[in-house]
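Visitor: Structure in structure tokens, see below.
The values are calculated or read from the model by the stated rules, or taken from the named source; none is laboratory data. Source: prediction; values computed, not measured. Cβ sites come from the backbone with ideal geometry, for glycine too, and all protein chains shown count toward neighbours.
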Amino acid sequence: MDDISDTRIEEAEAALAAGQLMKARSLAVEGLVEDPDEPRLLRVAGKASLELELDDAARHLKALVRVAPDDGAAWRDLAFATMEEGDLPGSADAFAKVLELTPDDTASMIHLAHARHALGNTPEAVQLLLKASDAAPQRTDVLRSLVGMARAAGDNATALEGARRLSEQDPKDVLAALDVAELLLAAGEHRQAAAAFYKLRSADTDEGHEVYACHGQAEALVQSESWRQALDVAIDATRVDRHQLTTDLLAFIASKLFGEADREARPWDELQAELAEERAEHRRMHEEAAAL
């Protein structure tokens, strides 16, 4: 390498370090005309173009990984560049290469998990997020993604594990508390689900929301045929809510304990379907609030 070329590389790298992206890119691209395989120039051109959101970022970075295939940072930049291009499979492959070279790169695990999930490979995404959450246990965003992806994959046991971790970190996390309760209910762990819905009553302090947890607790107790406790919870629900669902739930439970009254209670499958719709609406309210 001659002195002029060496000076150009150093100037390009200095401009990049100083945040002078257009200057850095111009110097790098000029140098690549003479030496198209120079890795330092390819790195500067790729990184500067990526920061500037220019279309040639991926082209420079693909050339860089061809001449420096063991450069994890280059593969990581390529992953982001191909993502910007809308090439999700290419981005996933690049993140996978980063992890091959640097297995403990938690950020790349997370990015690869989201890419795999978007590409339809949710089970692999779940495993990646499990590993990432073990490496970074305080990352609530990772745990929340883990819960959502595991539920989407039908892996309720892993979803429950993630939800419990979230709830332990923050007992006031309503969505995590709701996930724990719902997943226990779906798993047929009705007594545990009832206890989880009871905790939800403390976690969710929004006005008018206590009834949702009461309904869930009563449903879990009905499923376990704990009729006396279910009746107590249903009566408690009337303290905060007098709408039709609460009244119908109380009537159903009372009919199991004392026999049918003058008016026949609504069938349980109808009540259960309405309770599920109510929980979905309750979740939607908190998801929208969390997104603000």
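Visitor: Could you tell me whether any residue of the range 240-249 is under 29 Å from the mean Cα position of the chain (by Cα), at pLDDT below 95, surrounded by fewer than 17 Cβ atoms within 10 Å (Cβ to Cβ) and among the charged types (D, E, K, R)?
Guide: No, the range 240-249 has no match at all.
Visitor: Test Ala68 against the criterion of being in contact (Cβ under 8 Å) with a residue 24 or more places away in the chain, surrounded by fewer than 18 Cβ atoms within 10 Å (Cβ to Cβ) and either of a type in the set (A, V, I, L, M, F, W, C) or in contact with a Gly (Cβ under 7 Å, 6 or more places away or on another chain) (or both), and give yes or no.
Guide: Spelling it out, Ala68 is indeed in contact (Cβ under 8 Å) with a residue 24 or more places away in the chain, surrounded by fewer than 18 Cβ atoms within 10 Å (Cβ to Cβ) and either of a type in the set (A, V, I, L, M, F, W, C) or in contact with a Gly (Cβ under 7 Å, 6 or more places away or on another chain) (or both).
Visitor: Can you tell me which residue among Gly216, Gly208 is within 17 Å of Ala280 (Cβ to Cβ), outside any helix (DSSP H, G or I) and in contact (Cβ under 8 Å) with a residue 24 or more places away in the chain?
Guide: Step by step, each of Gly216, Gly208 is checked, and only Gly208 is within 17 Å of Ala280 (Cβ to Cβ), outside any helix (DSSP H, G or I) and in contact (Cβ under 8 Å) with a residue 24 or more places away in the chain.
Visitor: When Glu264 is evaluated against the numbered criteria (1) within 21 Å of His190 (Cβ to Cβ); (2) assigned to a loop (DSSP other than H, G, I, E, B); (3) of a type in the set (D, E, K, R), which criterion, by number, is the only one it fails?
Guide: Looking at each condition in turn, Glu264 falls short on (1).
Visitor: Oh, and also: For residues in the range 100-150 being among the hydroxyl-bearing types (Ser, Thr, Tyr) and either surrounded by 15 or more Cβ atoms within 10 Å (Cβ to Cβ) or assigned to a helix (DSSP H, G or I) (or both), which is nearest to the chain's Cα centre (by Cα)?
Guide: Ser145
Visitor: May I ask you to list the residues in the range 233-261 that are in a loop (DSSP other than H, G, I, E, B) and of a type in the set (Gly, Ala, Ser)?
Guide: Gly259, Ala261
Visitor: Something else now. Which residue, of Leu78, Leu101, is at pLDDT 95 or above, of a type outside the set (Val, Ile, Thr) and out of contact with any Lys or Arg (no Cβ under 7 Å at 6 or more places or on another chain)?
Guide: So the residue among Leu78, Leu101 that is at pLDDT 95 or above, of a type outside the set (Val, Ile, Thr) and out of contact with any Lys or Arg (no Cβ under 7 Å at 6 or more places or on another chain) is Leu101.
Visitor: From the list Ala194, Ala186, Ala234, Ala203, which residue is touching a Leu at 6+ places or on another chain (Cβ under 6 Å), surrounded by 13 or more Cβ atoms within 10 Å (Cβ to Cβ) and closer than 24 Å to Leu166 by Cβ?
Guide: Just a single option satisfies the conditions, and that option is Ala194.
Visitor: Sticking with this structure for a sec: Report yes if some residue within the range 258-269 is of a type in the set (A, V, I, L, M) and under 16 Å from Gly216 (Cβ atoms); otherwise report no.
Guide: Within the range 258-269 (the criterion being of a type in the set (A, V, I, L, M) and under 16 Å from Gly216 (Cβ atoms)), the answer is no, since none of the residues qualifies.
Visitor: What are the pairs, 6+ residues apart or on separate chains, where a residue within the range 19-48 that is within 20 Å of Met83 (Cβ to Cβ) has its Cβ under 9 Å from a residue that is hydroxyl-bearing (Ser, Thr, Tyr) and assigned to a helix (DSSP H, G or I)?
Guide: Leu21/Ser49; Arg25/Ser49; Ala48/Ser26
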